[in-house]
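The values are calculated or read from the model by the stated rules, or taken from the named source; none is laboratory data. Remember, predicted model here, so these are calculated numbers, not experimental data. Cβ coordinates were reconstructed from backbone atoms using ideal geometry, including for glycine residues, and neighbour counts include every protein chain displayed. All accessible areas refer to the heavy atoms of the entire protein, side chains included, with ligands and DNA or RNA removed. Shrake-Rupley method; radii C 1.70, N 1.55, O 1.52, S 1.80 Å.
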Amino acid sequence: MRGLKKLIIVAFAVLFIIPSIDNNGFSGVFAFEPGIEEIYSEGVFMVHLDTDIAVYKESELEKIYPASTTKIMTALVVLENIENLDELVEVTNNMNHGFGSNPNFTDAAAADIMIGQENLSYLDCLYALMIYSACDVANILAYNVAGTISDFVDMMNAKAAELGCINTNFGNPHGLHQIDNYTCAYDMFLIARYVYEKYPIFRDIISSANYQMPPNSRDPNGVVLTNTNRLLAKDSSYYYEFAKGIKTGSVPYFYNLETTEYEPGNFNLVSIASREGHTYMIVTLGAPYHDVPGDRGFYSYSDHLALYKWAFSSLEYRTIMSANDIVAQLPVVNGIEDRIQLKPVSDFSYLLPSGLDRTAVLRVPKPFNDEVEAPIEKGQILGVIELVLSGETLARIDMVAATDVSMSIESRIMDNVTGIFGEWWFQTGVALVAALTVFVIILRIINSQRAKNRRTGKNIRR
């Protein structure tokens, strides 16, 4: 019987001990209120990278045209498939100017690569791609890695699916407006986090302020490319000393092929910043490119600066529950103690607004059973405890026995006898002993009555 109960407990443990994270590892409750007057971007996803806690989101699954943030995936596919980045690439006419007659592909940013140039490496191309957003380089990389643009795009989409992207489809490697080239803030975060964490060279590239390209016949000294990310430009009013990249993406206007009219474009930004041991990544998509009078606006930068200021000044990582905290107790059956105390198997820490008391995180103990049978070993899993903030479950953590609880002497004797003779034989023996005891008592009563009758009869004859 005890063995069966233990199996049931294990089964419950397997069913219920599930961490509160989504398919990509994110834990989080979106109870954070930045108090920012206005967020201009349509889609926003901000994550504390050290803990994978998402601290802010806004329409993060909405499909939005990513513009040149597309190039983050282009760089990832290159890094996944080219082992030696110093290897030289081939530059042909189709690669360098293969944008067709689509009006959305005209006036694209270019790194001034010459057809037939023979001193251009994959590394040169990655710098031009990521810091200068060169669209010609995107095509050159696609041709050299996959042979054709379409095959390279297939590789981009396959990688997006592998990373768990749910609202993403790439139509080209450069991000120029195309109706089937779209993503969402959540998906772009998955892509950017993956390449940022996996490839140190990527981190070096995106944090560079400028890069010297190799010379060609048009530029004998080689052109110097400057990073388009104003968060990294010290002479910019949007300069942020803690920023480390990652990529801009802007389309002032795009040509609607269905209406044959130009429509306002958007500005997108993926950035990362580290300060005092904390690192955040922000993806914003769909900020307006122009303000109301028609002047160019930099609303993406405003969003990122406001969010970083809020996070670094207002959020702190704190211990919410200690492994030594007693969080519940249960009645004990057949034990030398009648109750057992339960504690979490580990500490639990979380990122919270500095002014929020940790008691705002509710503890909800969920033991597997209403009582537990002795013997109990210290550390034995007896349930889970849920940590809940603003109706969102932050985590589910095992609850374990705080001490050992031995069986009582009576229970131990019964257990030993049962172990020797078997439960059926033991129960049968107990029944026989009980019956025999009753029989003996009845005999004694009968014999006592007979003896009394004999004594009474003798007295009468006298």
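For this structure, a couple of remarks:
- Number of residues in region 166-219 that are at pLDDT 95 or above, in a loop (DSSP other than H, G, I, E, B), of a type in the set (A, V, I, L, M, F, W, C) and under 20 Å from Met130 (Cβ atoms): the value is 3.
- Filtered by the rule that a residue be within 19 Å of Glu58 (Cβ to Cβ), at pLDDT below 95 and among the hydrophobic types (A, V, I, L, M, F, W, C), region 288-305 gives a lone residue, Phe298.
- Of the candidates Phe254, Phe242, the single residue that is aromatic (Phe, Trp, Tyr), touching a strand residue (DSSP E or B) at 6+ places or on another chain (Cβ under 8 Å) and more than 18 Å from Pro66 (Cα to Cα) is Phe242.
- For Asn157, the requirement of being in contact with a Phe, Trp or Tyr (Cβ under 9 Å, 6 or more places away or on another chain) and without any contact (Cβ under 8 Å) to a residue 24 or more places away in the chain is met.
- If you go through region 222-254 and keep only what is part of a strand (DSSP E or B), among the hydroxyl-bearing types (Ser, Thr, Tyr) and open to solvent by 50 Å² or more (accessible area, probe 1.4 Å), you end up with Thr226, Tyr253.
- Scanning region 147-167 for residues that are open to solvent by 30 Å² or more (accessible area, probe 1.4 Å) and at negative phi returns Thr148, Ile149, Ser150, Asp151, Asp154, Met155, Asn157, Ala158, Ala161, Glu162, Ile166, Asn167.
- Within region 205-224, residues that are in contact (Cβ under 8 Å) with a residue 24 or more places away in the chain and of a type in the set (A, V, I, L, M) reach partners that are in a loop (DSSP other than H, G, I, E, B) and loosely packed, with under 12 Cβ neighbours inside 10 Å with beta carbons closer than 9 Å, at six or more positions or on different chains, in the pairs Ala209/Lys234.
- Test: residue in region 303-317 that is over 30 Å from Pro66 (Cα atoms) and open to solvent by 40 Å² or more (accessible area, probe 1.4 Å): yes
- Number of the condition not met by Ile82 [criteria: (1) open to solvent by 40 Å² or more (accessible area, probe 1.4 Å); (2) farther than 17 Å from Asn216 by Cα]: (1)
- Residues being modelled with pLDDT of 95 or more and either out of contact with any Gly (no Cβ under 9 Å at 6 or more places or on another chain) or open to solvent by 10 Å² or more (accessible area, probe 1.4 Å) (or both) - total across region 273-287: 8
- Single condition Ile320 does not satisfy, out of (1) within 30 Å of Asp398 (Cβ to Cβ); (2) without any contact (Cβ under 8 Å) to a residue 12 or more places away in the chain: (2)
- For region 101-126, the set of residues classified as under 19 Å from Asp86 (Cα atoms), more than 36 Å from the chain's Cα centre (by Cα) and of a type in the set (D, E, K, R) consists of Glu118 only.
- Scanning region 168-185 for residues that are open to solvent by less than 20 Å² (accessible area, probe 1.4 Å) and over 15 Å from Ser150 (Cα atoms) turns up Thr183, Cys184, Ala185.
- Residues in region 196-221 that are open to solvent by 70 Å² or more (accessible area, probe 1.4 Å) and not basic (Lys, Arg): Glu197, Pro200, Asp204, Asn210, Gln212, Ser217, Pro220, Asn221.
Rundown of residues vs (1) of a type outside the set (Ser, Thr, Tyr); (2) modelled with pLDDT of 95 or more; (3) open to solvent by less than 10 Å² (accessible area, probe 1.4 Å); (4) more than 15 Å from Ile246 (Cβ to Cβ), yes/no style:
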residue: Glu33; (1), (2), (3), (4): yes, no, no, yes
residue: Ile36; (1), (2), (3), (4): yes, no, no, yes
residue: Met46; (1), (2), (3), (4): yes, yes, yes, no
residue: Ser68; (1), (2), (3), (4): no, yes, no, no
residue: Val78; (1), (2), (3), (4): yes, yes, yes, yes
